[in-house]
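Below is one structure, written out as structure tokens, with a few remarks after it.
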Amino acid sequence: MPPRLRLTRRDALIGGLTAAGGMLLTGCATDLPPTYGHLLRMGDNLTYVAHRALLPGQALAREYSRGDISSFPAIGTTNPADTALPTHHPEFAPVYAELRRGDFADFRLDIAGSVARPGTYSLSDLKRMPARTQITRHVCEEGWSAVAEWTGVPLGHVLQAAGILPTARYVTFQTFDRFGDNIDLLDAFHPQTLLAYGMNGRDLPVPHGGPLRVRVETQIGYKSVKYVRRLLVHDAFDDLGANGPIRNGWSWYAGI
Amino acid sequence: MQVPTRHARWVRATHGAAALSVVVLACSGGVILMAHPRLYWGEVGNDLTPALLELPISRNHRHDGWTTPTSIAPGDTASAGAPVSASRTFEIFNQNGWGRSLHFLAGWVLFATGLLYLTLGAVSGHLRRALLPRRDEVTRRQVAREIGDHLRLRIRAATGGPDYGLLQKSAYACIVFVALPLTAITGLTMSPAVTAAAPFLLTLFGGLQSARTIHFALWALLLLFTFGHITMVVLSGFRRQVRAMTVGE
């Protein structure tokens, strides 16, 4: 058979799409969240890569006025000390109960991993850091939304205070309940990403994640992890096993 | 220019991919709506605020699994209508883990298909020839006759090609140029990453919950179109039409 010399339309299409896909995949992220061969997780990664390639990562989410503050349901874990809840952590539920009895005076945020100065911070240490207050909209994956005012210290400031190392790529939030999650450094250093200790001008209520929760305003609500007890800075992606979203069938990236 | 008598291969291929992804989007969208079957207007809407529409489509419909609401109003003013919070004690139906990811995957397929269709359609002249009504078609007499024929179910026999009638063209053009793009844009208005980059989308639709409600209304419109479309395929000769749009005979 003589060699085929003409480029058919089909060849052009397949070649073009493959090249475009290749550029999209190699262009931005060197290590993507694992898919474990799951088609849906590949789609999640496509959304993640597309958002990172096409959207300005540091654009601020819309902020509202005090008059826009709305009613706000508390869902998921609403009290990590309640051992009747299936979401409680057997080891940390009693620890949380004890801390709550002392009005969280003995609460310490632990920072470890790829940082030059691992250490612990009390709530008053965090409150002495530069604070940011923002009135933003929380969007739950379920479909509802609510507006609240959050006060906290920008996560990027805490990471820099701890001396985050140049090899760092992800920040994991370990919690007092069974959930944990992580975000990439673009979101971690977003100006509106907070470790929040205040809501609507008061201490963060327990049902909403008190004493300390994360606010990630460019992603869906479940990335704004509640009841944070420890920050772990990673050089490589960690799916957090049974505590993380991926192994439970959820997208790790939730910007959509 | 003459309208071809057969559907081009790329028209049949993109029609197939679009039909498949629309079915997947409709089903996964239904699953997502079941997790929170309440619709609102504006930026904010949740179980503690009034709904525009409550759909009885899952066990989450009007469930009472909430603790007594307490005030979370900034300051000490606990006036009527002030913001409250309550904790959920009811285990809701929620299959959004796969529902959302499948919805977005099908969305990507439809987006790529739509882009390919519009590009090839513009380049080949298909959009102009087959979808946009000709000037001489849009006369009062012609429009009245087309509507009258449809009302009396006097439907043209299948031709197996893209020489569409006036109402048929208008319906396709509305779906391709208005309904599907608007569905995609209202969908993206629900993305916090997208609206951080493009906050005008929130202004355009009057808020996230308005966009969600419009997204739902467009889904209902697309469903209506699909029923009409399939009915017309049946009335004009099912076998002939399906063969024409698949194998191309």
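Read-outs throughout are calculated quantities, based only on the coordinates presented, and are distinct from any laboratory measurement. On a predicted model such as this, the values are computed, not experimentally measured, just so you know. Every residue, glycine among them, receives a Cβ derived from its backbone with ideal geometry; neighbour counts consider all protein chains shown.
Brief remarks on what is shown
- Of the GluC sites (Glu not before Pro) in the stretch B:25-112, those whose Cβ has at most 12 other Cβ within 10 Å and which sit in DSSP loop: B:GLU91
- Backbone amide hydrogens, once placed in the peptide plane, bring A:TYR197 within less than 5 Å of A:THR151, A:GLY152, A:VAL153, excluding anything fewer than 5 places away on its chain.
- Axial C-alpha extent at least 15 Å, average Kyte-Doolittle at least -1.0 - helices from chain B (DSSP): B:9-35, B:96-124, B:208-235
- Positive dipole terminus of chain B, leading residue within B:PRO133, B:LEU201, B:ALA179 (C-beta point charges): B:PRO133
- If you plug the beta carbon distance of A:MET42 and B:ARG12 into 1/(1 + (r/R0)^6) with R0 = 22 Å, you get a FRET efficiency near 0.25.
- Top of B:LEU131, B:LEU182, B:LEU167 by mean-square fluctuation, Gaussian network on chain B, Cα under 10 Å: B:LEU167
- Gaussian network model of chain A, Cα within-10 Å springs - most flexible of A:ARG62, A:ARG137, A:ARG215: A:ARG62
- Charge dipole of the protein assembly as shown about the Cα centre (unit charges at C-beta), most positive-ward option of B:GLY65, A:ALA242, B:VAL233: B:VAL233
- Among A:PHE72, A:PHE179, the order by Cβ neighbours within 10 angstrom, fewest to most, reads A:PHE179, A:PHE72.
- When +1 charges are put on Lys and Arg Cβ atoms and -1 charges on Asp and Glu Cβ atoms, the dipole computed for the protein assembly as shown relative to its Cα centre reaches about 2480 debye.
- Taking a ≥ b ≥ c as the square roots of the eigenvalues of the Cα gyration tensor, the stretch A:124-178 is oblate, since a/c reaches 1.5 or more and a/b is not larger than b/c.
- Of all the options A:PRO245, A:PRO34, A:PRO166, the one that moves most in a Gaussian network model of chain A with Cα springs shorter than 10 angstrom is A:PRO166.
- Under the shape rule built on the C-alpha gyration tensor, where the axes satisfy a ≥ b ≥ c, the stretch B:11-69 is prolate, since a/c reaches at least 1.5 and a/b is greater than b/c.
- Rounded if a/c under 1.5, otherwise prolate or oblate - the protein assembly as shown, Cα gyration tensor axes: prolate
- Spatial separation of Cα centroids for the stretch B:15-73 and the stretch A:194-226, in angstrom: 23
- More than 29 angstrom apart: percent of Cα pairs within chain A: 34
- Here A:LYS127 is the anchor, and the lysines within straight C-alpha reach of less than 25 Å, apart from those fewer than 8 places off in the same chain, are A:LYS223, A:LYS226.
- Electrostatic tally near A:ARG247: other residues with Cβ closer than 15 Å to its Cβ, Lys and Arg +1, Asp and Glu -1, net -2.
- Taking a sphere under 15 Å around the Cβ of A:ALA97 and counting the other residues whose Cβ falls inside, with K and R at +1 and D and E at -1, yields a net charge of -3.
- Ordered by the number of other Cβ atoms lying within 10 Å of each residue's own Cβ, fewest first, A:GLU63, B:GLU249 fall into the sequence B:GLU249, A:GLU63.
- Inter-chain shielding of A:78-85 (mean C-beta neighbours from other protein chains, 10 Å cut-off): 1
- Available extension along the chain between B:GLN142 and B:VAL123 is 3.9 nm, counting 0.36 nm per residue and deducting the alpha carbon span.
- For the stretch A:165-253, the pair-distance distribution built from all alpha carbon pairs, in bins 10 Å wide starting at 0, is 17, 51, 28, 4 percent.
- Exposure proxy order (Cβ contacts within 10 Å, fewest to most) of A:LYS226, A:LYS127, B:LYS169: A:LYS127, B:LYS169, A:LYS226
- Here r is the Cβ-Cβ distance between B:PHE238 and B:TRP108 and R0 is 51 Å; the resulting FRET efficiency, rounded to 0.05, is 0.95.
- Other residues lying with their Cβ under 11 Å from the Cβ of A:ILE256 contribute a combined charge of -1, Lys and Arg counting +1, Asp and Glu -1.
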